[in-house]
Amino acid sequence: MDGDVRFYGSLVSPEGLEPVARWAERGPVPVHVWTSGFDGTARLRSGDGPVHLDMDSGQGPRYLFSGTVDSGAEEARRLLGAFSAALARGGVVHRIEAEADGGRLGYFHHRWPEGAAAPDA
């Protein structure tokens, strides 16, 4: 399972994306809030590095995101796990599912039970 790892996930942030970005920047995936010049909606995007994250815009307080990790499976699992841990330290309710070569690589979450469409919180 080497090569690109795909991931997708959801998060809940009633306060918007700024607090999420502040917690995420304490981890290995540098993200920033990007605001659309077209409709003014905010979304998270990743900067340089092996993790490429993009987010659907105009949602809130529930947000969907997806991306790829340019690394082998073990490094991707470490990076996504550390990203999840950084969000969890901030109390951000989230889930991240990762896959590579058609197989499941991992499920990372904070207060989002696996298989649940949405958290209770």
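The values are calculated or read from the model by the stated rules, or taken from the named source; none is laboratory data. For clarity, every value in this text was computed on a predicted model and none was experimentally measured. Every residue, glycine as well, gets a Cβ built from its backbone with ideal geometry; the counts of neighbours run over all protein chains shown.
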Against the condition touching a helix residue (DSSP H, G or I) at 6+ places or on another chain (Cβ under 6 Å), buried (at least 19 other Cβ atoms within 10 Å of the Cβ) and within 20 Å of Pro14 (Cβ to Cβ), how does Val31 come out, does it pass?
yes
Conditions (1) surrounded by 15 or more Cβ atoms within 10 Å (Cβ to Cβ); (2) in a strand (DSSP E or B); number of the one not met by Leu79:
(2)
Residue selected from segment 89-111 under the condition out of contact with any Gly (no Cβ under 9 Å at 6 or more places or on another chain) and of a type outside the set (A, V, I, L, M), by the criterion surrounded by the fewest Cβ atoms within 10 Å (Cβ to Cβ):
Gly102
Somewhere in segment 47-69, is a residue more than 16 Å from Arg95 (Cα to Cα), at pLDDT 85 or above, of a type in the set (A, V, I, L, M) and over 12 Å from the mean Cα position of the chain (by Cα)?
no
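So that you can scan it fast, the table gives a plain yes or no per residue for (1) surrounded by 15 or more Cβ atoms within 10 Å (Cβ to Cβ); (2) in contact (Cβ under 8 Å) with a residue 12 or more places away in the chain; (3) under 14 Å from Phe108 (Cα atoms):
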site	(1), (2), (3)
Ser13	yes, yes, no
Trp23	yes, yes, no
Thr35	no, no, no
Val51	yes, yes, no
Ser71	yes, yes, no
Leu87	yes, yes, yes
Out of curiosity, is Ser46 out of contact with any His (no Cβ under 9 Å at 6 or more places or on another chain), farther than 17 Å from Asp101 by Cβ and polar (S, T, N, Q)?
no
